[in-house]
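Engineer: The structure is given below, and queries will be raised subsequently.
No lab work stands behind these numbers, since they all come straight from the coordinates. Owing to the predicted nature of the structure, the values given are computational and were not obtained by experimental measurement. All Cβ positions, glycine included, derive from the backbone under ideal geometry; neighbour counts span all protein chains shown.
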Amino acid sequence: MNSRRCIFFLIATLFFAVIFAGCGGGQGQETPAAQTSSEQSQTTSASTTQSGQSQTTSSSSTASTSASTSTSASTSTSTSTSSEQPSGSEANSEQDKPLERGMAVFTFDDGLNSVFTIAKGVLNQYGFVGTFFVPCGYIDGNDGLHITWDQARSLSQSGWEVGNHTVNHIDLTTLSDGDAINEIQQCGDELQSYGLRYFGAFDPPFGSFNYGVVMDAIKAGCTSLRQAWVETVNYNIPGNIDPWAVNVVPVKRDTPFSSVQSAIDDAAANKRLIVFIFHDIIDAPVGQIADPDAITKDKLEQIAQYVHDKGLAVVNITAGIEKCLYYKTLPK
Ligand SMILES: [Zn+2]
């Protein structure tokens, strides 16, 4: 009797094991875009960041994100099976889906004074808000260059989002994982302790990041990573956005307005998300601006006016990313 029961038990176990394995593989594959678990994000980011810093065009960005699925199969061990499953056609149809309208995000790096004294007023004329990334250790440093916590609070209260730019603005790829996590975690904690609108948006100093930095940011509670200094215009494709390598359009002193204009035109026509990066904004003629990363107040006004004229929705970075990530589930 015992051996019969044992055999029956073995057969039953095998049966359920086969059923379970079949279900498990399918579930892992069926909810790619709506899924924002760290596991899904990590797979995407791991592969994207390997090619991430060298992303150059919007088409290659799209390709690299979808290509990342196959790349990750060779680099990621735990999720390689599901990565290899044929989701290409589904992904392609998703990335072709537009938003209801094009969207723009104005981001300002480094918590410089001008985000409060100039940018806020300019965007406010159009009813726009922005996102400012602050290195927390520089705030209230009485250096005359950076905003104060009171100003940060004021921006936040008027609808701006604050993002994490670490404590000391150090290249995180040069730190140990522990130190990098501390840099990010402490800044996030401080932003929250001041009651600011912080949703885990992260901007690695100098735009410098790799797979390890993405993992550190995730461990430090971040929800996205905005790239920097990608010279060629890149767009974020709904359904195919990589929240751990958000594409950007940096605007610097010598960036021609025509290239910004064409980026806005594209975002409007194809209903995509465009994320601008600004640094210092200076109320002076361009000839008097020494900092190549700064732009004139006039240029910011020109861009805001054009975004307004083209009818883009201006949102904060986390809202913009979420809109793209959750597009599938939104009503039309
Ligand atoms: Zn910076």
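Engineer: Only Lys, Arg, Asp and Glu count, each charged at its Cβ (+1, +1, -1, -1), so figure out the dipole size of the stretch 103-329 about its Cα centre, rounded to 20 debye. Could the numbers behind the result be given before it?
Structural biologist: Numbers: 14 positive and 27 negative charges, 180 e Å.
I would put it at about 860 debye.
Engineer: Could you list Ile147, Ile289, Ile181 so that the one with the fewest beta carbons within 10 Å of its beta carbon is first and the one with the most is last?
Structural biologist: Listing Ile147, Ile289, Ile181 from fewest to most nearby Cβ atoms yields Ile289, Ile181, Ile147.
Engineer: Give me the one-decimal nm value for the distance between modelled label points at Gln305 and Asn142, 7 Å along each residue's Cα-to-Cβ direction.
Structural biologist: With each label placed 7 Å out from Cα toward Cβ, I get 4.1 nm.
Engineer: Okay, next question. Return Tyr138, Tyr194 ranked ascending by Cβ neighbour count within 10 Å, so the fewest neighbours appear first.
Structural biologist: Tyr194, Tyr138
Engineer: Same structure again: Note down the nm distance, to one decimal, between modelled labels 7 Å out along Cα→Cβ at Asp254 and at Trp149.
Structural biologist: 4.0
Engineer: Determine the percent antiparallel among the DSSP beta bridges restricted to the stretch 103-329, to the nearest 5.
Structural biologist: 10
Engineer: Explain nothing, just the number: dipole magnitude of the stretch 94-197 about its Cα centre with +1 on each Lys and Arg Cβ and -1 on each Asp and Glu Cβ, in debye rounded to the nearest 20.
Structural biologist: Charge dipole, the stretch 94-197, about its Cα centre: 560 debye, nearest 20.
Engineer: Taking only C-alpha pairs under 8 Å that are 6+ residues apart, what is the relative contact order of the stretch 103-329 in percent?
Structural biologist: RCO, the stretch 103-329: 26 percent.
Engineer: Here is the link list: Lys219/Lys297; Lys271/Lys299; Lys297/Lys323; Lys219/Lys299; Lys120/Lys252. Which ones come out longer than 26 Å on Cα distance?
Structural biologist: Correct reply: Lys219/Lys297; Lys297/Lys323; Lys219/Lys299.
Engineer: Per residue and in Å³, how big is the convex hull formed by the alpha-carbon atoms of the stretch 103-329?
Structural biologist: 118
Engineer: How big is the gap, in Å, between the Cα center of the stretch 281-311 and the Cα center of the stretch 225-280?
Structural biologist: The two parts, judged by their Cα centres, are 16 Å apart.
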